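The values are calculated or read from the model by the stated rules, or taken from the named source; none is laboratory data. Note that the structure is predicted; figures quoted are calculated from it, not measured. Because the Cβ atoms are built from the backbone with ideal geometry, glycine has one as well, and the counts that use them run over all protein chains shown.
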Amino acid sequence: MPETAVRPVRIIVAKVGLDGHDRGVKVVARALRDAGYEVIYTGLRQTPEMVVDAALQEDAQVIGLSIHSGAHMTLFPAVVAELKRRKATDITVFGGGIIPDDDIVALKKQGVAEIFTPGTPLQTIVEWLKKRFPEGA
Amino acid sequence: MKVRARDSKQAWKEDFEASAARDDGIETSTISGVPLKPLYTGDDLPRREEELPGQFPYTRGIHTSGYRGRLWTMRQFSGFATAEETNRRYKYLLANGQTGLSVAFDMPTLMGQDSDAPTSRGEIGHCGVAIDSLADMETLFDGIPLGDITTSMTINSPAAILLCMYIAVAEKQGVSASGLGGTLQNDILKEFIAQKEFIFPPAPSMRLVVDSIEYCAKEVPKWNTISISGYHIREAGSTAAQELAFTLADGMAYVDACLERGMHIDDFASRLSFFFDAHIDFFEEIAKFRAARRIWARWMKERYGAQQERSWKLRFHTQTAGVSLTAQQPELNIARTAIEALAAVLGGTQSLHTNAMDEVLALPTDKAARLALRTQQLLAYETGVANTIDPLGGSYFVEALTDEMERQAEVYFKRIEELGGVIPAIEASFFQKEIADAAFRYQQELEQKRRLMVGVNEFTVNDEPPIEILRIDPKLESEQVARVREVRKKRDQARCSNALSRLKKAAAGTDNLMPYILEAVRAYATEGEIMQSMIDVFGTYTEQAVV
Amino acid sequence: MRDLEQELRHAQKTPGVVGFTGAPGSGKSTLVDALVHLLRKQDLSVAVLATDPNSPYTGGAILGDRIRMQRHALDPKVFIRSMGARGHLGGLSLASREAIRLLGAFGFDQVVVETVGVGQSELEVAAVADTTVVVLTPNQGDGVQMIKAGILEIADVFVVNKADIEGHMRVVTELRTMLSLAAPRSLGGEPRAWKPPIITTVASREEGIGELWAAVLEHRRHLESSGLGRRLHEQRLKDETAEVAAELARERVRRALDEDPGLAARLFDERTPYNTAEEILDRKPG
């Protein structure tokens with residue numbers, strides 16, 4: 001089977017938990033698309049199980065989560081744990097939202113690759129992804 | 001030597017065009033993209049009969065005496081963790097000069113869930129107070145005389161339930177519902193459009209709103225039944241014109257729904273209130289507020305035929321823009337908030353919430369919350385802006401911009417009408433798409449530095465020391481869970497289940513649901529149980545998301 | 001991939017494949033979501049392959065079909081894969097055809113393919129699906145005149161969705177007129193024995209879905225009984241083989257030009273793409 005040219009990296013973006021503020025995640029989704037990624041937005045009120053299941057079905061390399069409700073210390077680790085349970089720890093998890101610095105440190109220790117707080121230029125997120133996946137998927 | 005005299009305006013124009021412009025690439029349009037002239041003169045002043053405050057169409061204010069008669073209410077939104085903690089914060093703010101209470105609820109409460117629901121885990125108490133039942137509400141207002149203060153409650157899908165809880169607490173204090181004053185946000189349309197805290201589908205959601213308006217018109221006549229909100233629409237990324245137009249369109253949709261119920265416009269219109277954002281583009285906001293009053297007055301009088309003056313007067317609460325705050329160099333947020341608050345005051349707001357500087361990072365600390373309140377007191381008592389009514393009235397610029405905002409809003413009203421009204425437009429994702437497009441456009445402008453956010457895309461510093469932020473004690477979550485289970489154990493089970501089944505039956509019919517909800521609340525049914533009874537009949541709503 | 005092909009040769013199931021195509025905004029995803037719901041009620045397992053276009057400039061895409069099928073999240077008998085069209089203007093990438101075979105091998109009862117209705121996508125869907133459903137809606141600009149040449153031949157079933165909107169009957173009538181006038185021919189040129197039915201649906205209210213599925217099953221029965229199914233299947237395998245060969249050839253040529261500067265230089269000098277191509281293909285691969 002011939003390899004089509006560089007396969008685009010596939011990214012699931014989602015909002016986990018009850019928070020419905022989707023401005024940021026939608027802006028990020030568009031920016032990722034414009035940067036050449038295939039983006040699947042799975043919507044609001046996702047559970048960790050739903051997000052991971054979608055990532056597996058879609059053969060995504062990355063999961064991006066947006067949480068503005070303060071529930072990040074419960075929900076990010078839950079997604080990481082679910083990835084472990086489904087034996088998919090090769091999937092990169094990153095996120096954004098209202099998350100204080102010491103929580104970011106703690107979350108990274110628990111397996112979250114990066115957190116982008118409000119005000120982060122979209123270009124920064126794109127560059128971070130490009131560094132992680134220089135050859136595409 | 002004779003120099004030919006130039007017309008002075010012409011002269012200015014020529015000199016301006018000959019002069020060098022700044023070359024920093026910053027946009028000279030408003031933050032919403034409204035192009036601005038460098039200068040406005042008498043030629044830009046709209047030709048109309050001079051407007052006056054307290055007179056139709058109220059562009060210059062709904063009260064004859066403006067802030068000379070009464071200052072705006074300083075109403076700081078707050079709530080966190082448990083009812084007990086929040087009760088303490090309320091007493092602190094009241095002692096420090098706050099003049100009205102405003103309740104923020106946590107996510108599970110906003111979403112109609114009990115604290116022990118599985119999807120509430122990790123979410124309790126973070127963005128507001130956890131209220132599971134009347135017991136929590138009693139704690140929240142313990143020692144606060146509901147007959148003497150006014151309270152605003154920010155909640156939407158379960159709004160009717162929380163209002164009933166408030167009424168029930170007042171009952172226990174010996175205060176009758178007819179003496180209660182306050183506001184319920186209760187604006188479900190903007191949930192579908194922007195904030196996404198909807199539960200039921202649009203039709204039953206509207207029914208509940210109309211039920212609450214109808215009920216209050218008779219039983220709680222001093223209560224502002226709805227706070228038709230533009231704030232969330234704006235925070236989701238809309239322009240000022242969209243905020244203005246979508247909010248007022250929502251308002252008209254509620255009016256239509258109430259009229260359809262058979263209510264008379266003058267019976268409920270004066271208790272509809274509004275809630276706007278005060279964003280950082282100073283003059284655009286002032287123009288927006290003035291245009292809002294004028295548009296609403298015209299529509300109420302001319303389109304809906306309201307007879308009473310008080311039905312024509314748009315009253316609004318304002319909150320300074322959360323999205324304008326930065327996590328970087330957060331002390332600067334104090335300045336931003338002050339400027340935004342000033343715009344709200346110059347725009348004639350009836351009540352005002354000023355954000356605390358640390359709210360980008362977490363719920364505010366006591367100190368930050370107090371500073372935010374002090375900012376309002378500064379405006380009211382030191383700056384002198386409250387001394388004259390609508391001080392910017394007559395400004396060539398502000399009047400021209402007010403007219404422009406009005407014109408842009410009317411264009412949107414037509415488009416919404418063409419789509420068949422607000423609800424069809426929601427289902428066609430019209431608003432959501434406009435908002436997402438505007439949000440993306442603005443973000444691109446920031447990325448290209450055509451607009452700046454000081455400290456974020458320019459004038460940045462590295463290695464800022466962390467500021468002290470408020471942490472919710474995670475122990476509080478398990479305590480709250482235990483509390484709601486205790487309430488369920490201790491109540492009169494028969495009374496409670498009877499009330500719930502009567503509510504369910506009524507939901508399937510056409511009765512006004514407020515009395516049934518009130519009875520369930522009195523019987524210590526939990527919020528989640530009351531919501532579930534209605535979900536069983538109404539179902540839930542899934543949005544057709546557009547990116 | 002060749003090894004995988006060998007292994008799959010003996011795969012048990014050949015699921016029915018139904019393809020949906022139509023203009024953006026016709027409600028395809030909502031329709032597919034409703035169909036999946038119906039099939040699940042019959043306890044059938046379903047795999048959905050949904051394609052959205054990639055940006056021709058950046059290669060990126062927002063794949064927006066999964067979100068329309070949220071109610072099937074965590075249902076182990078529903079599998080959804082969103083695919084970018086990746087240069088296949090509006091249609092299915094080669095990978096999709098492999099994906100469909102794999103899905104059959106994994107035991108799905110039904111496979112639904114959904115593509116954007118731009119470019120030649122209708123043809124691409126028809127090349128992959130046993131039954132092609134073309135979705136139209138009342139608000140499609142100039143009505144049925146918008147329908148491109150080829151659609152009448154491609155469609156095995158027509159759906160007029162959003163039948164609650166004014167103007168839907170006009171679409172149905174125009175469609176019927178066009179069908180009666182045209183006497184459509186099959187891809188092989190012979191006159192078609194199958195008359196594509198026109199089903200009206202309101203996908204958002206799950207109305208008409210039962211009728212739609214009945215029409216699909218009816219078409220499958222026709223394919224079976226007429227022998228057309230087997231002929232199409234064989235034709236498809238031939239076509240796919242040719243396309244794979246074309247892809248392989250394309251890759252070889254690109255690689256040769258990249259790795260052999262002398263060759264490339266001669267091409268630029270003499271401007272002879274045909275000769276150059278033949279020369280490359282005549283070389284031994286490797």
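Scanning the range B:61-71 for residues that are assigned to a loop (DSSP other than H, G, I, E, B), surrounded by fewer than 23 Cβ atoms within 10 Å (Cβ to Cβ) and not β-branched (Val, Ile, Thr) turns up B:His63, B:Ser65, B:Arg70, B:Leu71.
Looking only at the range B:388-425, how many residues end up being within 14 Å of another protein chain (Cβ to nearest Cβ) and either more than 20 Å from B:Phe198 (Cα to Cα) or in contact with a His (Cβ under 9 Å, 6 or more places away or on another chain) (or both)? Steps first, please.
Of the residues in the range B:388-425, the ones within 14 Å of another protein chain (Cβ to nearest Cβ) are B:418-420, B:423-424.
Keeping just the survivors that are either more than 20 Å from B:Phe198 (Cα to Cα) or in contact with a His (Cβ under 9 Å, 6 or more places away or on another chain) (or both) gives B:418-420.
Going through the range B:388-425 one residue at a time, the tally reaches 3.
Flag: B:Val385 matches the condition of being hydrophobic (A, V, I, L, M, F, W, C), away from chain A (no Cβ under 14 Å) and surrounded by fewer than 18 Cβ atoms within 10 Å (Cβ to Cβ).
In the range A:32-49, which residues are assigned to a helix (DSSP H, G or I) and in contact with a strand residue (DSSP E or B) (Cβ under 9 Å, 6 or more places away or on another chain)? If you could, list the steps in order and put the result at the bottom.
Residues of the range A:32-49 that are assigned to a helix (DSSP H, G or I), as a first pass: A:32-34, A:48-49.
Matches in the range A:32-49: A:Leu32, A:Arg33, A:Pro48.
Candidates A:Val27, A:Val126, A:Val39: the one that is within 24 Å of B:Gln444 (Cα to Cα) and surrounded by fewer than 18 Cβ atoms within 10 Å (Cβ to Cβ) is A:Val126. Return only the number of the condition from (1) within 12 Å of chain B (Cβ to nearest Cβ); (2) touching a residue at least 24 places away in the same chain (Cβ under 8 Å); (3) more than 30 Å from B:Asp473 (Cβ to Cβ) that A:Tyr37 does not satisfy. For A:Tyr37, the exception is condition (1).
Of all residues in the range C:65-100, those satisfying the criterion of being more than 7 Å from chain A (Cβ to nearest Cβ), surrounded by 20 or more Cβ atoms within 10 Å (Cβ to Cβ) and at pLDDT below 95 are C:Asp65, C:Arg68, C:Met69, C:Met83, C:Ala85, C:His88, C:Gly90, C:Gly91, C:Leu92, C:Ser96, C:Arg97, C:Ile100.
Screening B:Gln376 against (1) in contact with a strand residue (DSSP E or B) (Cβ under 9 Å, 6 or more places away or on another chain); (2) farther than 28 Å from B:Leu184 by Cβ; (3) more than 14 Å from chain A (Cβ to nearest Cβ) leaves a single unmet condition, (2). All but one of (1) free of Cβ contacts under 8 Å to residues at least 40 places away in the same chain; (2) β-branched (Val, Ile, Thr); (3) assigned to a strand (DSSP E or B) hold for A:Val13, so report the exception by its number. Condition (1) is where A:Val13 drops out.
Residues of the range B:140-198 that are more than 20 Å from B:Thr526 (Cβ to Cβ), touching a residue at least 40 places away in the same chain (Cβ under 8 Å), within 14 Å of chain A (Cβ to nearest Cβ) and of a type in the set (A, V, I, L, M): B:Ile193, B:Ala194. Selection within the range B:80-139: residues that are closer than 18 Å to B:Val521 by Cβ and more than 24 Å from the chain's Cα centre (by Cα). The member of this set that is surrounded by the fewest Cβ atoms within 10 Å (Cβ to Cβ) is B:Glu138. Within the range B:529-544, at least one residue is outside any helix (DSSP H, G or I) and within 29 Å of B:Ser32 (Cβ to Cβ). Of all positions in the range B:120-128, at least one carries a residue that is in a helix (DSSP H, G or I) and within 10 Å of chain A (Cβ to nearest Cβ). Within the range B:199-210, can you find the residues that are part of a loop (DSSP other than H, G, I, E, B) and either free of Cβ contacts under 8 Å to residues at least 60 places away in the same chain or surrounded by 19 or more Cβ atoms within 10 Å (Cβ to Cβ) (or both)? Within the range B:199-210, B:Ile199, B:Phe200 meet the criteria. Is it the case that the range B:160-179 has a residue that's under 22 Å from the mean Cα position of the chain (by Cα), surrounded by 20 or more Cβ atoms within 10 Å (Cβ to Cβ) and in a loop (DSSP other than H, G, I, E, B)? No, the range B:160-179 contains no residue that is under 22 Å from the mean Cα position of the chain (by Cα), surrounded by 20 or more Cβ atoms within 10 Å (Cβ to Cβ) and in a loop (DSSP other than H, G, I, E, B). The condition (being surrounded by 12 or more Cβ atoms within 10 Å (Cβ to Cβ), in contact with an Asp or Glu (Cβ under 8 Å, 6 or more places away or on another chain) and not assigned by TED's automatic domain parsing to the domain that holds B:Ala321) is satisfied by just one residue among B:Leu45, B:Leu36: B:Leu45. Residue pairs whose Cβ atoms lie under 8 Å apart, sitting 6 or more positions apart in sequence or on different chains, and linking a residue in the range A:72-91 that is among the aromatic types (Phe, Trp, Tyr) to a partner that is modelled with pLDDT under 95, are A:Phe76/A:Ile67.
Collect the residues in the range C:19-39 that are closer than 17 Å to C:Thr137 by Cβ, assigned to a helix (DSSP H, G or I) and not polar (S, T, N, Q), keeping them in residue-number order. Show your work before the answer.
From the range C:19-39, those closer than 17 Å to C:Thr137 by Cβ are C:20-35; that's our starting set.
Subsequent filtering for residues that are assigned to a helix (DSSP H, G or I) retains C:28-35.
Answer for the range C:19-39, where residues must be closer than 17 Å to C:Thr137 by Cβ, assigned to a helix (DSSP H, G or I) and not polar (S, T, N, Q): C:Lys28, C:Leu31, C:Val32, C:Asp33, C:Ala34, C:Leu35.
Filter the range B:447-469 for residues that are among the aliphatic types (A, V, I, L, M) and within 30 Å of the chain's Cα centre (by Cα); which is surrounded by the fewest Cβ atoms within 10 Å (Cβ to Cβ)? Selected residue: B:Val454.
Residues in the range B:426-468 that are more than 10 Å from every other protein chain (Cβ to nearest Cβ), under 18 Å from B:His232 (Cβ atoms) and free of Cβ contacts under 8 Å to residues at least 60 places away in the same chain: B:Phe430 only.
With respect to the conditions (1) crowded, with 18+ Cβ neighbours inside 10 Å; (2) out of contact with any His (no Cβ under 8 Å at 6 or more places or on another chain), B:Ile472 lacks only one, and its number is (2).
Of the helices (runs of 4 or more DSSP H) lying entirely inside the range B:211-311, those containing at least 2 residues that are surrounded by fewer than 24 Cβ atoms within 10 Å (Cβ to Cβ) are B:240-261, B:265-268, B:282-298.
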